[in-house]
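Following: one structure in structure tokens, then a few remarks.
We did not get these values from a lab; they are worked out from the coordinates using the rules stated. Predicted model, so just to flag it, every value in this text is computed and none were measured. As a convention, Cβ positions derive from the backbone with ideal geometry for all residues, glycine included, and neighbour counts pool all protein chains shown.
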Amino acid sequence: MITIALRVARVGSAAELAAAALLILGLPALMLAALVPSVPAFAALAAVTYLADHYLHRRGSYLISRLSKVRAGLSIRFLIRQLLLVLLLARLSLSGDLIFYGAIACFIAFFGLQAPHGALVTLIRNRRRMPVATRNIDLGSRIRIPDAPPRVLLHRSAEKILHLDLFALAGILLSAELGSAVAGFTGIGLTFGLGCLYVLVLMPYVRGRRIPPRPDAVLAAVDDWLAGHRPETVLYFSGSKDSAYQVNMWLETMERLDTRPLVLLRERAILRSLAPTTVPVVCVPGGVHLMNLDLSTVRVALYAANVGKNIHLLRVPTMKHVFIGHGDSDKLASVNPYSKVYDEVWTAGRAGRDRYAVADVGVRDEDIVEVGRPQLAPVRSRPDAPAGPRGSASGDRCPTVLYAPTWEGWDGNPGNTSIVLAGENIVRRLIAADPPVRVLYKPHPFTGNVSKEAGAAHRRITALVEKAAAERADDPRFTADGDAMDEARAELARIEARLAELAGPHRAKGDEAEATRDGITDVHRHEETARLRAEWNDAYWRSFPPHEHRVVTGAQPRLYDCFNVSDAMVSDISSVVSDFIASGKPYAVTDSAGVGAEEFERQNTAVRAAVILSNDAAGLGGLLDAVRDPSADPLADARTELKRYLLGPDEPKSIDRFNAAVADLALRADARNLGRQPRPGAANADPAETAELADAVPSQRTVTAEETDGVIAG
């Protein structure tokens, strides 16, 4: 019943649900206490509603926004308490006393302060919002960006000023109980005085040297930096905050480019979710501002997603445009007809080229370049994988099987994910396997965003895994080294403390303007953080029993870390399968749409070396046999062949092929800009000649808002 209530109310915990119930029921109860009348009961119930309201705000509860939708927003809830206090005074026959009129005057004046307070907070935030936000770019030496107001002034500001009525409410209740007006007027004075002080303290931050420069000055400073840095390769990205992983996966590759890189973002939410990087980052939310940036030195633009805002950069003719995507799979998204707008499409291996040929969506074969998947460097192949845990009393190895289903997608196709129809069957069979295996369940972060059925299935699978983990903990057949786990947990705590220390200054940034001014990544700290994250990952897997079933969510540990500790994987048609193939380990893919194994294999290249499962997961035995005895693995050679087909050869390394593709395309862009064809072997041209070509290209002209109306609408 509680689970159903949590789902209906869309709250995250039973405590949150209880707080919501106390708030919703507390206000009618408060009215009854006023009508009785009872000062102690009113005081107790008022305290309950204050605390419940504060708790829900601190948790960012979904119910808070819902209350606003039904005309029961934050200000209304405080006003109701204040009106009920006036009712209480009337019921106590104090309507003729001075404290009664003082209370009414206080609350009217106090609410009058809300307008200037709200206006000041909004004005400060708007004036400190940068037209262009940056990271790893020194704008502070070019323009003056003042410190942000103290966080205490702006963070949850409406809630803070409204809570100042506590002084008046407490004082008036005390006066009503004691029969003395002194406490009441003291509380009234504190409430109104502190409210006025709050407004006065905010006023200096809306004028003079407390506000950042005007947008044209900021844009000029960014252009000045661009002219000095001369970026050559841009990674462009636009999307929702939930899609930040699509750009984050390319950051390390950008750091390893031989050319000068730049990350160009379009949404502030993406900038806030961006992983740490040493690459310069520019976030330009406005289309007109983007079109007016001087990107004349950029020769190659890389696009990680097919989105409408790509048109704002695609219009620039002096650079070559390349779709690199955010995964390589047999999904329809991997052959999107939109891809033909780019100069080239880069795929991991031959499979990507063949997909476009079969799809016939207008992408020419000569415009496809196979560059491998640079992100797969951390994925260890089977021989290099850890020896694995010993999870039973006999010392036999307890293999690990990863279940990593993809999400349900936008179109409701039952073939998108196995989680709805097959997920529970897969997990039940893995849990019941004999000899036993360990189950890692890592769902896609979008799971349940579109389909309620997928979200419900995810919760049931989570419950299955957690219940099985609890049962295995009590099973005498399984043992674990408690001392080693304690040592690993202590190491985790030490690493997390140091990581928090390293991240501290970044979390302390006051706002977007201050983060733009001070957001320069310290390379040594960045390298130390990367090393500590690797150590954290190692300690994490040692911090719990090696036979323990586990639900793995969140950013850490990463999917590739799960690959490296797993002996096999069950998944769906997605880039996860293509990436896992890099490990050479056995895997299974679920035919969720029920098209049949033969047709499923014909439609999806990535399953040619997979154990194909139906929704009842009856074929899992073959996968487990291959895990337990590599000599009984009939698909081993097929996986080796498929790995080369999907991801390209092991040599030269993917990052080398990627860099070569960037260099070749950059020279072709230069040659086109000068109206001449590149010579054979242009990739090895003299850098001085390349710089001369770059200097010959004119800067972008200024674009007006009127000229871009149609483009921005697209």
> Nearest 0.05, what FRET efficiency do residue 481 and residue 434 give at R0 = 25 Å with Cβ-Cβ as r?
Replying inline: 0.55
>> 5 Å is the cut-off here: which amide hydrogens, built 1.01 Å from N in the peptide plane, fall below it relative to residue 266, excluding neighbours closer than 5 in sequence?
In response: 237, 239, 284
>> If each residue of separation counts as 0.36 nm, what is the full-extension length gain between residue 555 and residue 80 once their alpha-carbon separation is subtracted?
In response: 166.8 nm
> If each of residue 365 and residue 637 carries a label point 7 Å out from its Cα toward its Cβ, how far apart are those two points in nm?
Replying inline: 2.8
>> Explain nothing, just the number: relative contact order of the chain, from Cα pairs under 8 Å at least 6 residues apart, as a whole percent.
In response: 14
>> Suppose R0 equals 56 Å. What FRET efficiency, 1/(1 + (r/R0)^6) with r the Cβ-Cβ distance, do residue 68 and residue 629 give to the nearest 0.05?
In response: 0.40
> In whole Å and largest first, what semi-axes does the C-alpha gyration tensor of segment 230-342 yield when each eigenvalue is scaled by 5 and square-rooted?
Replying inline: 19, 17, 15
>> Neighbour counts of other C-beta atoms within 10 Å: give me 209, 525, 531, 550 arranged from fewest to most.
In response: 209, 531, 525, 550
> When the Karplus curve 6.51 cos²θ - 1.76 cosθ + 1.60 is applied with θ = phi - 60°, which whole-Hz ³J(HN,Hα) does each residue of segment 401-409 get, with x for Gly and Pro?
Replying inline: 10, 8, 9, 10, x, 8, 8, 7, x
> Which cross-chain or sequence-distant (5 or more) residues have an amide H under 5 Å from the amide H of residue 648, H modelled 1.01 Å from N in plane?
Replying inline: 350
> Taking 0.36 nm per residue of separation and subtracting the Cα-Cα distance, what length does fully extending residue 603 through residue 220 add?
Replying inline: 132.7 nm
>> Going Cα to Cα from residue 309, which lysines come in below 21 Å? Please leave out same-chain ones fewer than 8 positions away.
In response: 241, 320, 340
>> For Cα pairs less than 8 Å apart in space and 6+ apart in sequence, what is the mean separation divided by the residue count of segment 481-544, i.e. the relative contact order in percent?
In response: 68
> Using a ≥ b ≥ c from the Cα gyration tensor of segment 569-647 (square roots of the eigenvalues), is it rounded, prolate or oblate, where a/c under 1.5 gives rounded and otherwise the larger of a/b and b/c decides, a/b for prolate?
Replying inline: oblate
> Taking the simple approach of a point 7 Å from Cα along Cα-to-Cβ for both residue 453 and residue 473, what is their distance in nm?
Replying inline: 3.4
> What whole-number value in cubic angstrom gives the convex hull volume per residue for the C-alpha atoms of segment 88-140?
Replying inline: 120
> Expressed as a whole percent, how much of the Cα-Cα distance distribution for segment 484-622 exceeds 21 Å?
Replying inline: 60
> Could you give me the ³J(HN,Hα) list for segment 262-278, computed from phi with Karplus coefficients 6.51, -1.76, 1.60 and θ = phi - 60°, whole Hz, x at Gly and Pro?
Replying inline: 8, 9, 10, 10, 10, 10, 4, 4, 5, 4, 5, 9, 5, 5, x, 7, 9
> Taking the C-alpha atoms of segment 448-536, how large are the radius of gyration and the largest Cα-Cα span, Dmax, in Å?
Replying inline: 20.5, 58
> Per-residue HN-Hα couplings for segment 157-163, Karplus 6.51 cos²θ - 1.76 cosθ + 1.60 at θ = phi - 60°, whole Hz, x for Gly and Pro?
Replying inline: 5, 4, 5, 5, 5, 5, 6
> So what's the back-of-envelope 222 nm ellipticity for the chain, counting only DSSP H runs of four-plus at -39500 (n - 2.57) apiece and dividing by all residues, rounded to 500?
Replying inline: -16000 deg cm²/dmol
>> Checking understanding here: applying a Kyte-Doolittle mean of at least 1.0 and a length along the axis of at least 24 Å (C-alpha), which whole DSSP H helices in the chain pass?
In response: 14-35, 74-91, 182-202
>> Rounded, prolate or oblate, given the Cα gyration tensor of the chain, with a/c below 1.5 counting as rounded?
In response: oblate
>> In 5 Å bins starting at zero, report the fraction of Cα pairs in segment 131-197 per bin as a rounded %.
In response: 3, 15, 15, 13, 11, 9, 7, 7, 6, 5, 4, 3, 1
> Among bridges DSSP assigns within the chain, what percent are antiparallel (round to 5)?
Replying inline: 10
>> On a full-extension model of 0.36 nm per residue, what is the gain between residue 101 and residue 522, subtracting their alpha-carbon distance, rounded to one decimal in nm?
In response: 145.6 nm
> Over what distance in Å are the Cα centres of segment 219-295 and segment 113-177 separated?
Replying inline: 29
>> At R0 = 51 Å, how high is the FRET efficiency between residue 618 and residue 24 if r is their beta carbon distance? Nearest 0.05 is fine.
In response: 0.55
